[in-house]
Amino acid sequence: MAQSIPSADVAAMMADLAVSARHAPDAYLAAARTTLLRLLSRPELLDPARLVGRGEGLSRNLLFGTEAISVWAMVWAPGTVTPVHDHHCSCCFGLLRGTLRETWYRPISDTHAVATLDAVRQSGFVACMMPTGPNLHRIANEGPEAAVSIHVYGYDHRTQDSSIDRTYEIAAG
């Protein structure tokens, strides 16, 4: 049984996205990107209670989930930083509000990685990737206000706690 947010429009989008997860990876990522762009352009469709953080750090609020996908609103309190990590599943995200710094890394061992690219993501930014990896990145909210992003992952939230496959230490250098 899928969990969904109240809007019938969003529930229909999420149901369509869940079906697309069974298609070829390129078609699925295109559908995820389109869905995220639609949500970012119409934030009023989202339940505002799911777009609020719970204290410091990262708050994850489930918007929709099936055996094929889970969609989360993530609220990034100022100063929140993820570890450098890779995903075991597809990962798409769109920035609804605020700015986030995304830094990409290259593994140099099973436990350490070095930075290769650094970018500040603005509201409206969307990115999608398959777990063809390594796709290592770290996300940080360096701004003074909370940021909100919407994430589409290719995993069942009822059987796995997270999309993260492994974490890495940043190599001194």
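The values are calculated or read from the model by the stated rules, or taken from the named source; none is laboratory data. Note that the structure is a prediction, hence the values are computed from the model and not measured. Note that each Cβ is placed from the backbone with ideal geometry, even for glycine, and that neighbours are counted across all protein chains shown.
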Residue in the range 102-124 that is without any contact (Cβ under 8 Å) to a residue 12 or more places away in the chain and surrounded by 15 or more Cβ atoms within 10 Å (Cβ to Cβ) present: no
Members of the range 66-84 found to be in contact with a Phe, Trp or Tyr (Cβ under 9 Å, 6 or more places away or on another chain) and crowded, with 20+ Cβ neighbours inside 10 Å, listed by number: Ile69, Ser70, Val71, Trp72, Met74, Val84
In the range 150-173, residue surrounded by the fewest Cβ atoms within 10 Å (Cβ to Cβ) [restricted to those that are in a loop (DSSP other than H, G, I, E, B) and among the polar types (S, T, N, Q)]: Thr159
Residue in the range 58-69 that is part of a loop (DSSP other than H, G, I, E, B) and touching a strand residue (DSSP E or B) at 6+ places or on another chain (Cβ under 8 Å) present: yes
Count - residues of the range 74-123 that are modelled with pLDDT of 95 or more, assigned to a loop (DSSP other than H, G, I, E, B) and either within 20 Å of Arg50 (Cβ to Cβ) or in contact with a Leu (Cβ under 9 Å, 6 or more places away or on another chain) (or both): 7
Long-range neighbours under 7 Å by Cβ, at least six apart or interchain, first residue on the phi > 0 side of the Ramachandran plot within the range 51-76, second β-branched (Val, Ile, Thr) and in a loop (DSSP other than H, G, I, E, B): Gly57/Thr80
